[in-house]
Amino acid sequence: MAHRGSKAHPASTNKAVLKRFLDLEQPKHAVQVEYIWIDGSGEGIRSKCRTLDFLPQEAKECPVWNFDGSSTWQSEGSNSDLYLYPRAIFKDPFRCGDNKLVMCDVYKFNKEPVESNKRKACEEAMERAKDSKPWFGIEQEYSLLDYDGYPLGWPKNGYPGPQGPYYCGVGADKVYGRDIVEAHYRACLYAGINISGINAEVMPSQWEFQVGPCEGIKMGDELWVARYILHRVAEEFDVRVTFDPKPITGNWNGAGAHCNYSTEAMRQEGGLAEIERAIEKLAKKQAEHIRAYDPNDGKDNARRLLGSHETSSISQFSAGVANRGASVRIPRHVAEDKKGYLEDRRPSSNCDPYSVTEIIVRTTVLDE
């Protein structure tokens, strides 16, 4: 994919040379497993690889591993070893073959989770709420940047035409980076992630992919690995990915991670009443949810939830049918069918899906 109006990345390498080595036969007794985890920022992704002498079928078969937490903002240098516990396993779309990706969470030497490990508390909540069969689908928005940090395809030191023709756009003057989007889509399908769709978003060089429906803890596991795959795919094109909720100030849409949510009762006949009850509970805990919906306790979302550009106000809760300016939207077809799901439009694009899904379940099912 050529970069319109930009120079090549100064650290670009020849992928054809790499392919010569990746085409070498891999010994059958050697399986490469990429361990993936969330760093101390609560939004950065780290990974490293090890060779196993067997083919793991489940994540729990992979050995616990360690790493230097002082280099990931997760521990002090004087006591830096932290531990990776494999939790979810996927096919590796980069190395292919028997090779795997494993999503991990991070623990200290005393088996206590590090501060950025939101998975443990989420899993505990999902276990308690499992009889309600909570389903989630997250619409992950993101923006593509050139290596210099400016939006991909935008004129250097300038701006494209105003928003309007870009959402679900078609054509070289409407969309930028489709090669990356298509490669990511196929890689997620190969990996076994339940990616359900893609579309170009309102701001040029902004895109969205959707993951779900996923039940319980799987939502967080699959979205984090889908983000990892997106970063890795973008590397191949010398392009950066940002999940910043307002990457460009001014009259440009921000980026969210709208969370579609239902319980079994909501999906059954007459489920609209259950949806409305859940919305009443959500309305009473606006401040708590805003703090959980971005990794910086609402500070990132404050730049996005302005009551404009298809967002609600960060300080006020609102709900409505087919209202994209509301905190929580009931889709039109759900209101007509009187069953289905709700869409919480408040989570920011850089949210931790473990935190988002956990607090939704605690508020609507566990009444906490």
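Think of the chain as a dipole: +1 on every Lys or Arg Cβ, -1 on every Asp or Glu Cβ, centred on the Cα centre; then among 121, 94, 234, 234 lies furthest on the positive end.
Which of the listed residues, 159, 275, 307, is farthest toward the dipole's positive end in the chain, when Lys, Arg count +1 and Asp, Glu count -1 at the beta-carbon? Final value for the positive-end residue is 159.
Here region 264-368 is treated as a sphere whose radius is the Kirkwood value from Cα pairs; by Stokes-Einstein at 4 °C and 1.567 mPa s it diffuses with a coefficient of 93 µm²/s.
Computing FRET efficiency as 1/(1 + (r/R0)^6) for residue 297 and residue 338, where r is the C-beta to C-beta distance and R0 is 30 Å, gives about 0.25. The residues of the chain expose on average 46 square angstrom of accessible surface per residue, using a 1.4 Å probe on protein heavy atoms.
With Rh defined as the Kirkwood radius, the inverse of the mean 1/r over Cα pairs, the Rg/Rh of region 55-137 is 1.04.
Helices that extend 15 Å or more along their long axis by alpha-carbon positions and average at least -0.5 on the Kyte-Doolittle scale are, among the DSSP H runs of the chain, 178-191, 218-236, 271-283, 353-364. Only lysine pairs 8 or more places apart, or on different chains, with alpha-carbon atoms under 21 angstrom apart are counted in region 263-368, and they number 4. A 1.4 Å probe, protein heavy atoms only, puts the accessible area of residue 71 near 70 Å². Computed over every Cα-Cα pair of region 42-102 and binned at 5 Å starting from 0, the pair-distance distribution P(r) comes out as 4, 15, 24, 23, 16, 12, 6, 1 percent. For region 222-270, the average shadow cast by the Cα convex hull is 5.9 nm², which is a quarter of the hull's surface.
Which value, in debye to the nearest 20, gives the size of the charge dipole of the chain about its Cα centre, when Lys and Arg are +1 and Asp and Glu are -1 at the Cβ?
520
Residue 75 exposes around 30 Å² of accessible area when a 1.4 Å probe is run over every protein chain in place. In this entry, region 138-291 is assigned a mean projected area of 11.0 nm², taken as a quarter of its C-alpha convex hull surface.
Computed on the Cα trace of region 53-197, the radius of gyration divided by the Kirkwood hydrodynamic radius gives Rg/Rh = 1.06.
Volume per residue for the chain equals 152 cubic angstrom (convex hull of Cα atoms).
The values are calculated or read from the model by the stated rules, or taken from the named source; none is laboratory data. Source: prediction; values computed, not measured. Reconstructed Cβ throughout: ideal geometry from the backbone, glycine too, with neighbour counts over all protein chains shown. Keep in mind that these areas ignore ligands, DNA and RNA; they rest on the heavy atoms of the full protein, side chains included. Shrake-Rupley method; radii C 1.70, N 1.55, O 1.52, S 1.80 Å.
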